[in-house]
1. Provide the percentage of antiparallel DSSP beta bridges, counting only those with both residues in the chain; round to the nearest 5.
2. Given the Cα-Cα distance of Arg392 and Val201 and 0.36 nm per residue of separation, how much length would full extension add, in nm?
3. Any chance you could give the angle, 0 to 90 degrees and rounded to 10, that helix 305-323 forms with the longest Cα principal axis of the chain?
4. Positive end of the dipole of the chain, charges at C-beta (+1 Lys, Arg; -1 Asp, Glu), about the Cα centre: which of Ala253, Ser279, Gly96 has its Cα farthest in that direction?
5. Work out, step by step, the length gained on full extension between Thr229 and Leu95: first 0.36 nm times the residue separation, then minus their alpha carbon distance; give nm to one decimal.
6. With point charges of +1 on the Cβ of Lys and Arg and -1 on the Cβ of Asp and Glu, referenced to the Cα centre of segment 296-395, which listed residue (Gly309, Cys389, Leu348) lies farthest in the positive direction of the dipole?
7. Quick one: grab the alpha carbon gyration tensor of segment 181-221, order the square roots of its eigenvalues as a ≥ b ≥ c, and give me rounded if a/c is under 1.5, else prolate or oblate depending on whether a/b is larger than b/c.
8. Considering only C-alpha atoms, what is the centroid distance from segment 1-68 to segment 320-363, in Å?
Amino acid sequence: MIYKKRIIDEQLNLKLESFGATLIVGPKGCGKTTSAKQKAKSFIEFQDEEQRENLLSVANISPSKLLIGDKPRLFDEWQDAPKLWGTIRKSVDDLGGENGIYILTGSSSKDIFKPHTGTLRISQLKMYPMSLFESEESNGTVSLLELFNHPENFDGCVSDLSIDNLIFAICRGGWPKSLMNKADRSKLEVAKDLYLQTYSVDISNVDNPRWTQAILQSYSRNICTLADTKTILEDVKANFDISQPTFDAYVQALEKLYIIEDIDAWSPAIRSKSVIRASKKRNFIDPSIAVSAMGLSPEYFNTDFKTLGFLFESLCLRDLKIYSSHNNGFISYYHDRYGLEADGVLHLNDGRYALIEFKLGSHEIDEGAKHLNEIERLIKEYNKTEKQCPMRLPNLKIIITGTQFGYKREDGVLVIPIGCLKD
């Protein structure tokens, strides 16, 4: 099997240069083990049923024995042998600051007791499913970082991604296994199985799969909206008798599995705090989970572009998180009670940020640009009265679309197809 290069590869190199051990976290099936094996010189896989019982016995009685091997040494699904954490931490200390010794991978909703945090010994790196650029569906003619560094160089672009192929990519998701399958129906089956496994098997510290399924389905119906917790809980309670604390425990378990990943609000001082919407925007780590939970197929979206628009936003959020990860980027959103919004606000670790709207088609681009320009205007107005602590103006105003052509508008807003972006 030919390894498809991942954006996380360079970040893993940096972690290995900087720390004794690196823990790669993320949802099941996103490629953690495969990417880790590209760097590891030896490995232990606790999911190997032929070796599992013996390995767990050694890990329980004398875990230091498992550290013997060429370095970096990989421990896949390390949480099955929790004593390894402290053993690896001590080994890093004993080796006197040597870096790049161990790699750990894991994805579990279980709370693993750790007598020590691993701070400055075991660093954490988060991995996502594949972006469209990693799956080779975006042609990568527009670099997100280059846009920030030299926006004046952007002179347009053309996407090769048709609307039908974009719909299929949303339904299939960024799961590496799906790209290995040959037939379209088998590619779509991967996300369906991940959804099934999530609610029926992976929630190990709660015990009602039907409740888990109902929560995932309600989240899916509310994806990329500002539905509050009460709304989702009432949706679930329409069919099941579930309390608020129990509901919260299930949601937390899904977050620990890296299935649910909500978007926080950006609350600048450009308007009164009382008018800023501060609830989380509901989202998954990959839009295919929502498609599977709703039981939909690519053909369904031929007649429902409204739902497709929310799923397209989820896809764009996923890719932007991946593309900005080199700069420790994070995503928020802006929405106030007057209806002014930015679907996404992408922040880099050096303080630069972009205001972003996601528009599947071209007919809403003007409205999206109006919102972005109005937010910029409000910031300028705020700075006139708050000269001691002015707010930084947005470095970029972007509308990300599912269309073919990208260009720069006269008002400075960049229109960029998702099929052209890369890191």
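1. Values: 16 of 48 bridges.
About 35 percent, rounded to the nearest 5.
2. Here the answer is 64.1 nm.
3. On a 0 to 90 degree scale, this one is about 60.
4. Gly96
5. Extra length available between Thr229 and Leu95 comes to 43.5 nm.
6. Farthest along the dipole direction, towards plus: Cys389.
7. The shape class here is oblate.
8. 33
The values are calculated or read from the model by the stated rules, or taken from the named source; none is laboratory data. Computed from a predicted model, the values in this text were never measured in an experiment. Virtual Cβ from ideal backbone geometry, glycine too; neighbours counted across all protein chains shown. All accessible areas refer to the heavy atoms of the entire protein, side chains included, with ligands and DNA or RNA removed. Shrake-Rupley method; radii C 1.70, N 1.55, O 1.52, S 1.80 Å.
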